[in-house]
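Student: Below is the structure I would like to discuss, written out as structure tokens.
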Amino acid sequence: MTKQRKAIGRYGETLAASHLEKLGYQVIERNWTSRLGELDIIAISDNQVIICEVRTTTQTYFGYGFQSVDRKKQQKLQRLALQYVAEKGWSHLNIRMDVISVLLDGQRNLVDLKHIQGI
């Protein structure tokens, strides 16, 4: 992945985290990694752990970012989420997985943000 694509992705994650905070979620961690992969945003809301996969794009030619989260990716996120809550001692909390799709224009202005809850 190029530096520019990484920067766009990180910017999209910042916009997504801000969106979640405006909704009243408490963002507790970003870019958590393990040997299995990475979780973009982890938040808490109403005693529920929210795992957010963020997909940032600058065009919709191939569809919106959320459309690229297939069954395989969902299964990977689920494994990572279970590992995360086990490490934190939060196995008693419910887990919800969301996708936030961020669409930016060529100057990195926000065009659209879609938040799909409970994928």
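Every number here is computed from the coordinates shown, using simple stated rules; none is lab data. None of the values given here were measured: they were computed from a predicted structure. Because the Cβ atoms are built from the backbone with ideal geometry, glycine has one as well, and the counts that use them run over all protein chains shown.
Student: Calculate how many DSSP beta bridges within the chain are antiparallel, expressed in % of all such bridges and rounded to the nearest 5.
Tutor: 65 percent
Student: If you don't mind, another one. Would you mind checking the tilt of helix 3-22 against the longest principal axis of the Cα atoms of the chain, expressed as 0 to 90 degrees and rounded to 10?
Tutor: Taking the Cα atoms of the chain, the angle to 3-22 is about 60 degrees.
Student: From the helices alone, meaning DSSP H stretches of at least four residues, give me the mean residue ellipticity at 222 nm for the chain, per-run term -39500 (n - 2.57), in deg cm²/dmol to the nearest 500.
Tutor: Computed mean residue ellipticity for the chain: -11000 deg cm²/dmol.
Student: Taking the Cβ-Cβ separation of Arg71 and Thr33 as r and a Förster radius of 22 Å, what is the calculated FRET efficiency to the nearest 0.05?
Tutor: 0.45
Student: In nm, to one decimal, how far is the modelled label at His92 from the one at Ser18, with both set 7 Å along Cα→Cβ?
Tutor: Label-label distance for His92 and Ser18, simple model: 3.7 nm.
Student: Angle check, please: helix 71-88 long axis (alpha carbons) against the longest principal axis of the chain (alpha carbons), in degrees 0 to 90, nearest 10.
Tutor: Orientation of helix 71-88: about 50 degrees from the principal axis.
Student: Calculate one ³J(HN,Hα) per residue across region 95-105 by plugging θ = phi - 60° into the Karplus curve 6.51 cos²θ - 1.76 cosθ + 1.60, and present them in order as whole Hz with x for glycine and proline.
Tutor: 10, 10, 10, 10, 10, 10, 9, 10, 10, 10, 8
Student: Going by amide H atoms built from the backbone, whose H comes under 5 Å of the H on Asp112, apart from near neighbours?
Tutor: Leu103
Student: Could you identify which residue out of Glu87, Glu21, Glu53 has the top mean-square fluctuation in a GNM of the chain using Cα springs shorter than 10 Å?
Tutor: Glu87
Student: Nothing charged except the Cβ atoms of Lys and Arg (+1) and of Asp and Glu (-1): what's the magnitude of the dipole of region 3-116 about its Cα centre? Round to the nearest 20 debye.
Tutor: The dipole magnitude comes to about 420 debye.
Student: Could I ask something else about it? State which entries of Lys76/Lys114; Lys6/Lys73; Lys22/Lys73 exceed 25 angstrom in Cα-Cα distance in the structure shown.
Tutor: Checking Cα-Cα distances, Lys22/Lys73 exceed 25 Å.
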